[in-house]
Amino acid sequence: MPYKFWLTTEIKFLHKNIKTMPLPELAKHLNRTEEGVIRKAYELGIQPTQPMNRWSDEDLHIAQTLPPEEAAAQTGRTLQSIRMKLSRLKAA
């Protein structure tokens, strides 16, 4: 998936709403992944109200051993999150 550059209006929206809007809603409104929103917030020096949902050893094991759809259901993560994590693990 090609990189989608952040527009000035999106950055302004992020600054205005990061402390009050739940992360899933913020990501949906911006048409971005939750991870992408968090990454941009940290890049801008602002922190969301919710801490980043770190990957536990168990979640990593599930993602690496089950089909992505099942791993997403068992870990409570999105299918996109599972696929992105697997892609990053392969690249490392």
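Here are a few things to note about the model shown:
- Of the numbered criteria (1) of a type outside the set (A, V, I, L, M, F, W, C); (2) surrounded by 10 or more Cβ atoms within 10 Å (Cβ to Cβ); (3) modelled with pLDDT under 95, the one Lys12 fails is (3).
- For the range 5-92, the helices (runs of 4 or more DSSP H) that sit wholly inside it and include 2 or more residues that are free of Cβ contacts under 8 Å to residues at least 60 places away in the same chain and among the acidic types (Asp, Glu) are 34-44, 57-65, 68-75.
- Qualifying residue in the range 52-63 (condition: modelled with pLDDT of 90 or more and under 23 Å from Tyr3 (Cα atoms)): no
The values are calculated or read from the model by the stated rules, or taken from the named source; none is laboratory data. Please read these numbers as outputs of a predicted model, since none were measured by experiment. Using ideal geometry, Cβ is built from the backbone for each residue, glycine included, and neighbour counts are taken over all protein chains shown.
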